[in-house]
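Structure record follows, encoded as structure tokens.
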Amino acid sequence: MPRRWHRFTPWAALAAMAFCVTIRPSFAQTHSADLGVQLEQAESLRTADHPRFLARLNLLRSQAAAMSMRERWHLRYLEAWEASFQGDYVNAEPRLRDVIDHSDDPALAVKASAILMGDWGSNKRYEEAFELANQLVEKLPGTQDKLARFVALSYLSQLLRSAGQYELAANYAHDMAQDLPAGETACKPLAMRITALYETRKLTSSSPELQEALDACQAARDSVFTNALWLVKSDLHLDENEPLKAVQLLLRIAPSVRSDQYYSNMLTTQVQLAQAYLKLGKDDAARKAAQAALALSDPGDISETLRDAYRVLYSLDKKQGNTAAALADYEHYVAQDVGYLNDVSARALAYAMAKQHVIVQKLETEKLSRENNILRLKQALDAKAVETIRLYVVLLLLVLASAVFWLLRLKRSQLHFKKLSSIDGLTGVYNHQHFMGEAGKALHLLERRQGMACLFFIDLDNFKHINDTHGHATGDAVLRRTVTICRQQLRPTDLFGRLGGEEFGILLLDCTREQGMRIAERIRRAIDVAKLEGDAGIVTFSASVGLASTEYCGHDLQRLCREADAALYRAKRAGRNRVVSDTEEDGLVEA
């Protein structure tokens, strides 16, 4: 299978396999001269025997001149499918649109629409995907071709599952199994239904629905779907706090998973093994499995499964007291979690907007119908009365539109002023008041869970000389450059603000004093080597840093500020361009 499924969760990947798989060949290879039959045979080979499909596709291209118009559109559809299958969405989309808009073949148009909808979902074009889904749902009752219905239902089930509409996704999967195309088994529809039901938390490891799907896929000898269902059962064992059963099941199916070389199943197997071994207290085995999962993935991949792998590594490193490694694992975990949740939110929002659009269209249709009935009942009324009614309707719509417009403008203004009140206009970081407020809240929460933090003040050395020599515009550029350098060394959870003039404050959460000193030193060095081209030549600048840690000062913000300010003063007095902490005396200057 192509690696474009990497960013789905394993259960989404299981359902996504049904997007490409249509029907298995139920006949021997034929040498028939009927090009229509050859096109249908090629379509059936697409994923069952992809190399043979490519060979058949090339042969058909050479015979395009002898094809009828209907057959040429079928060939065009197969070429579009191949581009989509390879992840070449740039070339797939225009071909699919061409088939949809011009083929005059309802079955081809439905299948092409389903593939295009899936491609848009893969590319995070969720609004367009759900709008196309609405159109497909309207066409389904009139679609007589079984294969077209099967493909459309599979794509719809997956898309709705990705938007959190699990009951509706399960219903579409159920509909797929009611009228199977020739050569197809119940394996894929039942497996897709299980993926939807799993998300509803209504399944257990002993659920008869799960066993039914396993029996169907084993009978069909579809190892990829079978292994994916076993992974569902293994995950349910973990949910039921039976890690030993999960390990036994995962080790049993591991050879088959490796043989299939299906990425999502391989990744899920390793992560579930890591989770199960962690619960059993087998730390070395858990670490090995989690690292094996990360080795399978590509840089930049974002998924719920990779998030769980980093969570296992974080738990292990934290348990073993490896603070630096645990912090790195936690940063990766947060990045995966934020990316995954943002994608889930985007899909859910797109679904809600598409659903609202359908409701609006329905209301508009009903409104027009009512108006037509009124007109028929009032045919005896004179034209003047009709014109008056229409005028009232237009005025009402104008009033409503005006009210909505001004409410939107008011809300936008409120959000804009709220942002301006908390952000420094020159540098884009928190202003003094907002930084202090957020820092106080963060320290209060940190104290409740006995966490550590570091506060340091950064002051640019000889900044007045830069302004006097190079001008205030260059001084402003130095401030903005300093902010950019600092942000490159900080995490998304750290607080960063401008305290005034050339002084900045940074609060590092969940950070020891030693870690804070290292980060502060990195920032100081980065500032020291930075250069800026000004009107009067190259501008170099440096910074002094004073650091205070909750390890020595507690969680009171005022005390932390005093200690950080005192440390900054000692750094200035000791010669500038250095880092001094709250525990250092005058003789101890650099970090």
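The values are calculated or read from the model by the stated rules, or taken from the named source; none is laboratory data. Just so you know, these numbers come straight off a predicted model, no measurement behind them. Don't worry about glycine lacking a Cβ; one is built from the backbone with ideal geometry, like all the others, and counts go over all protein chains shown.
Within the range 82-113, the set of residues being in contact (Cβ under 8 Å) with a residue 60 or more places away in the chain and surrounded by 19 or more Cβ atoms within 10 Å (Cβ to Cβ) comprises just one member, PHE85. If you go through the range 491-510 and pick out every residue that is touching a strand residue (DSSP E or B) at 6+ places or on another chain (Cβ under 6 Å), without any contact (Cβ under 8 Å) to a residue 60 or more places away in the chain and not in a strand (DSSP E or B), you end up with 2. Checking the range 204-222 against the condition returns a match, with at least one residue being touching a residue at least 40 places away in the same chain (Cβ under 8 Å), at negative phi and of a type outside the set (D, E, K, R).
Just one of the listed residues (LEU479, LEU460, LEU446, LEU455) is touching a strand residue (DSSP E or B) at 6+ places or on another chain (Cβ under 6 Å), in the same structural domain as ARG525 (by TED's automatic domain parsing), closer than 15 Å to GLY500 by Cα and touching a residue at least 24 places away in the same chain (Cβ under 8 Å), and it is LEU460.
Evaluate the following for PHE27: is it surrounded by fewer than 13 Cβ atoms within 10 Å (Cβ to Cβ) and modelled with pLDDT under 50? For PHE27, the condition - surrounded by fewer than 13 Cβ atoms within 10 Å (Cβ to Cβ) and modelled with pLDDT under 50 - is met. From the list ASP119, ASP101, ASP88, ASP175, the lone residue that is touching a Ser or Thr at 6+ places or on another chain (Cβ under 6 Å) and either over 24 Å from MET69 (Cα atoms) or of a type outside the set (S, T, N, Q) (or both) is ASP119. Do we have LEU231 as under 28 Å from the mean Cα position of the chain (by Cα), at pLDDT 90 or above and among the aliphatic types (A, V, I, L, M) here? Judged against the criteria, LEU231 is a match. Being assigned to a helix (DSSP H, G or I), crowded, with 23+ Cβ neighbours inside 10 Å, of a type in the set (Val, Ile, Thr) and in contact (Cβ under 8 Å) with a residue 12 or more places away in the chain: is that true of VAL137 here? Answer is no for this residue.
Looking across the range 551-579 at every residue that is within 28 Å of ARG449 (Cα to Cα) and in contact with a Ser or Thr (Cβ under 8 Å, 6 or more places away or on another chain), the one that is surrounded by the fewest Cβ atoms within 10 Å (Cβ to Cβ) is identified as TYR552. Taken together, SER162, SER157, SER223 contain a single residue that is of a type in the set (Ser, Thr, Tyr), over 23 Å from the mean Cα position of the chain (by Cα) and under 29 Å from GLN275 (Cβ atoms), which is SER223. Report yes if some residue within the range 545-560 is under 16 Å from ILE458 (Cβ atoms), in a helix (DSSP H, G or I), of a type outside the set (Lys, Arg) and in contact (Cβ under 8 Å) with a residue 60 or more places away in the chain; otherwise report no. For the range 545-560, residues under 16 Å from ILE458 (Cβ atoms), in a helix (DSSP H, G or I), of a type outside the set (Lys, Arg) and in contact (Cβ under 8 Å) with a residue 60 or more places away in the chain: present.
If the condition is being in a helix (DSSP H, G or I) and surrounded by fewer than 24 Cβ atoms within 10 Å (Cβ to Cβ), then the range 306-322 contributes ARG307, ASP308, TYR310, ARG311, TYR314, SER315, LEU316, ASP317, LYS318, LYS319.
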